[in-house]
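What follows is a set of notes on a single structure, which appears directly below.
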Protein chains: 4
Amino acid sequence: MFYNSKNWIEKTIYKNEDFDLFNGYSTYETLRTYNKNIFALRFHYERLKKSAMFLGLEVPEYEILKNTLISGIKNFNCKNDVRIKILINKYTSKEKTFYAFIEPIREIDDLRESGVVLTISRERKPKNPVIPYYVKTTLNGYSMYLRQKYNAYYDSIVLNEFGYVTEGTKSNIFIVTAGVITTPPISAGILPGVTRKIVLELIESFNMDFEERNIEVWELLSADEIFLTHTSVGIIPVRRIVPNFTFNAPGISTETLINYWQDFIIANNEYWE
Amino acid sequence: MFYNSKNWIEKTIYKNEDFDLFNGYSTYETLRTYNKNIFALRFHYERLKKSAMFLGLEVPEYEILKNTLISGIKNFNCKNDVRIKILINKYTSKEKTFYAFIEPIREIDDLRESGVVLTISRERKPKNPVIPYYVKTTLNGYSMYLRQKYNAYYDSIVLNEFGYVTEGTKSNIFIVTAGVITTPPISAGILPGVTRKIVLELIESFNMDFEERNIEVWELLSADEIFLTHTSVGIIPVRRIVPNFTFNAPGISTETLINYWQDFIIANNEYWE
Amino acid sequence: MFYNSKNWIEKTIYKNEDFDLFNGYSTYETLRTYNKNIFALRFHYERLKKSAMFLGLEVPEYEILKNTLISGIKNFNCKNDVRIKILINKYTSKEKTFYAFIEPIREIDDLRESGVVLTISRERKPKNPVIPYYVKTTLNGYSMYLRQKYNAYYDSIVLNEFGYVTEGTKSNIFIVTAGVITTPPISAGILPGVTRKIVLELIESFNMDFEERNIEVWELLSADEIFLTHTSVGIIPVRRIVPNFTFNAPGISTETLINYWQDFIIANNEYWE
Amino acid sequence: MFYNSKNWIEKTIYKNEDFDLFNGYSTYETLRTYNKNIFALRFHYERLKKSAMFLGLEVPEYEILKNTLISGIKNFNCKNDVRIKILINKYTSKEKTFYAFIEPIREIDDLRESGVVLTISRERKPKNPVIPYYVKTTLNGYSMYLRQKYNAYYDSIVLNEFGYVTEGTKSNIFIVTAGVITTPPISAGILPGVTRKIVLELIESFNMDFEERNIEVWELLSADEIFLTHTSVGIIPVRRIVPNFTFNAPGISTETLINYWQDFIIANNEYWE
């Protein structure tokens, strides 16, 4: 189902006379629902606005965006939860509207129990990018490229220019060693993930040992537990990094966070505004 | 006029059910005609193929691409020469076809006489890119961003990570000092421009003094002459770099190259195959 | 004249059985006198202590160092002001003592009137050094190398990894454009010069327009005035950067600072403690 | 024992009137004997000459250097083999002479059987050094600093700016995975070790599988065997990298190389010229 910047339709046709539509000059966000409610829309909207501002693009008003999405989800009438992508480019910017795409969410409960397998990308995250890491845009095409190149794995971990751990191509990463949870700081060159941020709040609410600092590769590979966070799936444990580094999946800290995740977010009103 | 991967049409509609069309995962080339003939199509095609191979995209056969463009130009029936953009993404890749856009070329004879004004971008070319500099793709969005940011100038010169001169956002750059023509090497992190390559052949045919090496900013700013090359306009002199660095425009070497350019390319069959 | 860590002597012999004496594992400071009084000794001592701490070396007590230098200067009995180098290595560290070297200061009043000529080093300041820029040590040998390589000029300006202006091999650098004085920040990778710091205080006391920020090469080369600061000479104007970039020397801002320099430092007790 | 640039003496005194002696502006080599004969002196001399040329220093004639060392070793009269350091600075350069230091070599047969323990340095090798990696000089003080910082381990592995494996602070590194021996290329930023070079010749003479290429940290940590090479000890296996990565020590490839090392070098005349 597709919101073509005017209406929700099953299959759409739209006009284009311009090369610009194809050139990736756009910003986007990926959202999901829990129990049919859009999760942390306000946080995603704020990030979208920041990205759009950097690129000189206009975003719709929050209430308009929100109501449009709600009616779209209702029409789509999926019995499960859904994933939603919204996209803003020069065409939608002119009229302060947007494109949106809705699809059923892929269930991954089995992966949450068994853990996923990762690789480490041989490519380094481009240093000193013209477009900062916090801007979520298809102009920064390297992650799309890496996602395709390493699609045999759940995700690939990207190192930065110094060889420090940054993030996956679609997730943030956390390690647990001797009970201490550690994640790279924003300054390592990562996307400030919405789920990452809420997991940090959950960790804090449990008063778990936590550090935000640069992670060396050998710290990653000698960790007891590793988990990823991203909007679509929340928290997911890693059981192996190829070729032969294995981890508790889920380990005790990861399992604790997974078990309390839904209760924590549901109990917190600011994620549902 | 637009080739929608099937037909040439004045204004087209096409279907899309997918976010992927917008994400910039594509490669493209810009071409032009001289006297209604497509210039250096073979060279552009080879570069397109190399870019597409890196991205895992398929390109059409050369003869099919060529004939399609020729018939498109005939239909477009423009009394002047035209500029053509071709683009390949996952959609066209599946059927080994392409999108194409034709438009009348903007005449710039006045600029060729007076010279253009440039700025130097404060942003550095991203170092260590996942996608190499030779791949012409909208996935490397920084140049699109810079083109928009510095659109008050004809072009902006981008330095690389070390502060060496690389290229403009849509052109290659040459300097002339004490009669010696110098241009940055491919290893400085530049697009191997087709016009750049042919200008090098022209320089060689004239036996002019020439060096391909890293250029420091102070060498650029103390040059006698500077000129740009790109497909749409060929060779164009620079008269000023802001704030207050001025150059002979056109200087004697630049003028020589401009004067012989059309004769040189017309006389050489391999540019018209 | 030489303080061999025990006594002041005209010419000394000392023992060595060890390769370590030659290996540059040491920290040092350069001082000067004004009217026979040591200038800003406390500031130099604090920096020495910081450098020594990083390298795991011990420094003598402040009062001991000071009194030893004062008696050395008295013995040296030079009719002009002197330059003093002090050096701490593993040998002196063990006994919390130091080496010191005294020599007459080279007068440069003519240069202060005419301005000096600089070049820009083709070499970049090493990025990401193991030993931070603030540590004044002969272990960071690149500046010694550059001083020798470019010894045809008063100093050479070193750019950092991005091509930003940092400092000379023995001086800090300031530019003046349209009345605004600008100098690179410590974060550009510079030594936090004592004279630089006091010049900043002088600028502030005059309420002159001032910015501390990254300086691009083209900003340097299009400046109205440029001046250097270092302990031995205070403030010195730049009249040319090779090949052909010229500057007012001294320009009006530089001249103001030079004229008030001695009065300013003499009036301030904390520079003579 | 010490060659003070004039004579061999048990304990020497020498003159110094100059700060320059302490500033590390020098180049050096470390040599050893096997059965009282100096190993690969010609190779070390060639490297010394290259380093000296870069720094603008003069070296003595080969025959003079060689004969001086031979007579020094004879005088030293050590019943075991010895380690020799030679050093050239501005003082010796003026007279085309050198300093030399001789000491008994530390026997490490036990380590050769059990393997050594390494750490990975958190500091990165400085990128883009003014003085190239091939120049063996105390001006590049970072390795001296790291040797002291990590002196609880046999050596520390230093990564380069991208996080690739380069070398230890006093050794070159090789890994063996599935029977393939791999070592970083010179271009990774390493010293072209003499022992490294001869080990490559030994590997080639045995026709073992070999690659010279960039090594990622996870390739290092998942290797079957790791060994170091340096002049003093030849080849030495690594049994552990902290915290918890273990390796066969010696593994089968490492053991083969160790077993044939002495026979190989003794049989080859060019190492004893």
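Each value in this text was obtained by applying a stated rule to the coordinates, not by laboratory testing. These numbers come from a predicted model, not from an experiment. Quick reminder, even Gly has a Cβ in these numbers, built from the backbone with ideal geometry, and neighbours come from all protein chains shown.
At A:D263 and A:N67, where each label point lies 7 Å from the Cα along Cα→Cβ, what is the point-to-point distance in nanometres?
3.7
Can you give the FRET efficiency for C:K50 and D:N35, using 1/(1 + (r/R0)^6), R0 = 51 Å, r = Cβ-Cβ distance, to the nearest 0.05?
Numbers: r = 50 Å, r/R0 = 0.97.
After rounding to 0.05, the efficiency reads 0.55.
Is segment A:208-251 best put as rounded, prolate or oblate by its Cα gyration tensor, with a ≥ b ≥ c the root eigenvalues, rounded for a/c under 1.5, and otherwise prolate when a/b is larger than b/c, oblate when not? Display every interim value, and only then the final one.
On the way: a/c = 1.64, a/b = 1.09, b/c = 1.51.
The shape class here is oblate.
Classify segment C:72-155 as rounded, prolate or oblate from the Cα gyration tensor: take a ≥ b ≥ c as the square roots of its eigenvalues, call it rounded if a/c is under 1.5, otherwise prolate when a/b beats b/c and oblate if not. Numbers along the way, then the final one.
Working: a/c = 3.16, a/b = 1.06, b/c = 2.99.
It is oblate, given that a/c is not under 1.5 and a/b is not larger than b/c.
Could you state the number of Å between the C-alpha centres of segment C:69-91 and segment D:155-204?
47
What angle do you read, to the nearest 10 degrees and between 0 and 90, between the alpha-carbon axis of helix A:194-205 and the longest principal axis of chain A?
Helix A:194-205 and the main axis of chain A meet at about 40 degrees.
Provide a whole-number value for the mean count of partner chain Cβ atoms within 10 Å of the Cβ atoms in peptide A:151-163.
Shielding by partners across A:151-163 averages 3.
For chain B, set up a GNM with springs between Cα atoms under 10 Å and report which of B:I131, B:I198, B:I157 has the largest fluctuation.
Checking each option, the largest mean-square fluctuation is seen for B:I131.
Among B:K170, B:K66, B:K74, which one shows the biggest mean-square fluctuation in a GNM of chain B, springs joining Cα atoms closer than 10 Å?
The residue that fluctuates most here is B:K74.
Roughly what % antiparallel, to the nearest 5, for the DSSP beta bridges in segment B:109-271? Kindly include the intermediate steps, with their values, before the conclusion.
Working: 17 of 27 bridges.
Around 65 percent antiparallel, to the nearest 5.
Output the relative contact order of segment B:59-176, whole-number percent, from Cα pairs under 8 angstrom with separation of 6+ residues. Don't jump to the answer; show the numbers that get you there.
Working: 119 pairs, mean separation 23.2, N = 118.
Rounded, it is 20 percent for segment B:59-176.
Compute the long axis of helix C:252-267 from its Cα atoms, compare it with the longest principal axis of the Cα atoms of chain C, and write down the angle in degrees, 0 to 90, nearest 10.
With both axes taken from Cα atoms, the answer is about 30 degrees.
In nm, one decimal, shortest first: how far is the label point of A:R122 (7 Å from Cα along Cα to beta carbon) from the matching points in the other copies?
Taking the point 7 Å beyond Cα along Cα→Cβ, the inter-copy spacings are 3.1, 3.3, 3.8 nm.
Of the cross-linked pairs A:K136/B:K170; C:K50/D:K125; B:K125/D:K49; A:K170/B:K136, which ones have a Cα-Cα span greater than 27 Å in the structure shown? Mind showing how you got there, number by number?
Numbers: A:K136/B:K170 24 Å; C:K50/D:K125 23 Å; B:K125/D:K49 38 Å; A:K170/B:K136 24 Å.
Pairs exceeding the cut-off: B:K125/D:K49.
Report Rg/Rh for chain B, rounded to two decimals, where Rg is the Cα radius of gyration and Rh the Kirkwood radius. The partial results should precede the final answer.
On the way: Rg = 18.9 Å, Rh = 19.6 Å.
For chain B, the value is 0.96.
Per residue of D:140-149, how many C-beta atoms from partner chains lie within 10 Å of its own C-beta, taken as a mean?
Working: counts 8, 14, 6, 2, 8, 11, 2, 0, 4, 2.
Other-chain Cβ atoms within 10 Å of each residue's Cβ, averaged: 6.
Report the charge-dipole magnitude of segment A:109-271 in Debye, nearest 20, computed about the Cα centre from +1 at each Lys and Arg Cβ and -1 at each Asp and Glu Cβ. Each step should come with its number before you reach the end.
Values: 14 positive and 19 negative charges, 178 e Å.
The dipole magnitude comes to about 860 debye.
About the Cα centre, and with charges only on the beta carbon of Lys, Arg (+1) and Asp, Glu (-1), how big is the dipole of chain C? Nearest 20 debye, please. Let's see the in-between values first.
Working: 32 positive and 33 negative charges, 206 e Å.
Here chain C has a charge dipole of around 980 debye.
Distances from C:C78 to the same residue in each other copy, label points 7 Å out along Cα→Cβ, in nm, shortest first?
Spelled out, the distances from C:C78's label point are 4.3, 7.4, 8.0 nm.
What residue of chain C has the nearest C-beta to the axis that moves C onto B, and what is that distance in Å, given as a whole number?
Output: C:G163, 1.
For chain C, what does the relative contact order come out to in percent, with C-alpha contacts under 8 Å and a separation of six or more? Don't jump to the answer; show the numbers that get you there.
Values: 492 pairs, mean separation 53.4, N = 273.
That works out to 20 percent.
Could you give the dipole magnitude of segment D:65-194 about its Cα centre, charging the beta-carbon of Lys and Arg +1 and that of Asp and Glu -1, in debye to the nearest 20?
Here the size comes out at about 580 debye.
What does the convex hull of the Cα atoms of segment D:139-273 come to per residue, in Å³, rounded to a whole number?
Numbers: hull volume 16.0 nm³, N = 135.
Cα-based convex hull of segment D:139-273, divided per residue, equals 119 Å³.
Cut-off 10 angstrom, C-alpha nodes, Gaussian network model of chain B. Which of B:T27, B:T68, B:T166 fluctuates the most?
Greatest mean-square fluctuation among the candidates belongs to B:T68.
Indicate, rounded to the nearest 5 percent, the antiparallel portion of the DSSP beta bridges found entirely in chain D.
On the way: 37 of 47 bridges.
Looking only at bridges with both residues in chain D, the antiparallel portion is about 80 percent.
Using 20 Å bins from zero, what percent of all Cα-Cα pairs in the protein assembly as shown falls into each bin?
The percentages, shortest bin first, are 10, 33, 37, 17, 2.
Set the Förster distance to 51 Å, then compute FRET efficiency between D:K79 and C:E212 from the Cβ-Cβ distance, nearest 0.05.
Values: r = 64 Å, r/R0 = 1.25.
Efficiency at R0 = 51 Å is approximately 0.20.
List the distances, in nm and shortest first, from the label point of C:K96 to the matching label points in every other copy, placing each point 7 Å from Cα along the Cα-to-Cβ direction.
5.0, 7.1, 8.4
Note the angle between two axes, namely the Cα long axis of helix C:62-76 and the longest principal axis of the Cα atoms of chain C, as a number of degrees from 0 to 90, rounded to the nearest 10.
90
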